[in-house]
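The values are calculated or read from the model by the stated rules, or taken from the named source; none is laboratory data. All of these numbers come straight from a predicted model, not from anything done at the bench. Cβ coordinates were reconstructed from backbone atoms using ideal geometry, including for glycine residues, and neighbour counts include every protein chain displayed. Ligands, DNA and RNA are stripped out before the accessible areas are found, and what is left, the full protein with its side chains, is counted by its heavy atoms. Shrake-Rupley method; radii C 1.70, N 1.55, O 1.52, S 1.80 Å.
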Amino acid sequence: MELIQLIVAAIWFILPAYVANATPVVLGGGKPIDGGHTFIDGRPIFGPGKTIRGFISGLAAGFVLGVLQGLATGQLHLYSALGFLLALGALVGDLLGSFIKRRVNLERGSAAPVLDQLSFVVLALLFASLVSVPSWEIILIILIITPPIHLATNFIGHKLKLKDRPY
Ligand code: CTP
Ligand code: MG
């Protein structure tokens, strides 16, 4: 495959994870998943940036996109399962990232390079591997293109006043 085709295939595969990661910025808020509780170190478990509404809306949006991909390709079962797993993995990965940030005393909204841009996509790939493992080229491309795409969309989200911080 040509590089450009590989990049398109990589984005097509991982898109539900991107949608699941971005949706909470718009639809999130309200009650935090950790209920405001602290961990044994006295710091927040995940912090107030991880909300129930964000998690559910992200999961729903990623799943709906997977269903649409399935309808578009005539592979409804595969893509709806992938949409669900990629979205769930992305949201769990994002939570894991926040959990780690709180453990090293980084406050909510602080920048954790690599962790902020990759934890969601790594867990999304891991969860998706239950039904489909992309080729190593596709995985590599996803890992390379995700950080700049994540940074660019966050910057745009900040310009649109959806996000406090530009990263
Ligand atoms: N968000 C949410 N629920 C989630 C994930 C995200 O409501 N499960 C919303 C929050 O408003 C959050 C915003 O999306 O502030 C941006 O997400 P993210 O950058 O992941 O969170 P941060 O606020 O930076 O918090 P953290 O330091 O824990 O990453
Ligand atoms: Mg952040």
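Points to keep in mind about this one:
- Only one entry of Ala87, Ala111, Ala152 meets the criterion of being more than 9 Å from ligand 1 (Cβ to nearest atom) and in contact (Cβ under 8 Å) with a residue 40 or more places away in the chain, and that entry is Ala87.
- Candidates Val104, Val67 - the one that is out of contact with any Leu (no Cβ under 6 Å at 6 or more places or on another chain), open to solvent by 50 Å² or more (accessible area, probe 1.4 Å) and of a type in the set (A, V, I, L, M): Val104
- Which numbered condition Met1 fails, given (1) closer than 21 Å to Val133 by Cβ; (2) part of a helix (DSSP H, G or I): (2)
- Checking each residue in region 135-148 for being surrounded by fewer than 20 Cβ atoms within 10 Å (Cβ to Cβ) and under 12 Å from the mean Cα position of the chain (by Cα) picks out only Pro147.
- Yes/no for Ile40 being more than 13 Å from ligand 1 (Cβ to nearest atom), surrounded by fewer than 18 Cβ atoms within 10 Å (Cβ to Cβ) and either among the aliphatic types (A, V, I, L, M) or within 18 Å of the chain's Cα centre (by Cα) (or both): yes
- Members of region 35-55 that are under 23 Å from Val121 (Cβ atoms) and touching a helix residue (DSSP H, G or I) at 6+ places or on another chain (Cβ under 9 Å): Ile45, Phe46, Gly47, Gly49, Lys50, Thr51, Arg53, Gly54, Phe55
- Candidates Ser98, Ser132, Ser119 - the one that is open to solvent by less than 60 Å² (accessible area, probe 1.4 Å) and not in a helix (DSSP H, G or I): Ser132
- Residue that is nearest to ligand 2 (Cβ to nearest atom) [pool: residues in region 28-59 that are among the hydrophobic types (A, V, I, L, M, F, W, C) and without any contact (Cβ under 8 Å) to a residue 12 or more places away in the chain]: Ile56
- The set of residues in region 81-95 being open to solvent by less than 20 Å² (accessible area, probe 1.4 Å) and either within 13 Å of Val64 (Cα to Cα) or outside any helix (DSSP H, G or I) (or both) consists of Leu82, Gly83, Leu86, Ala87.
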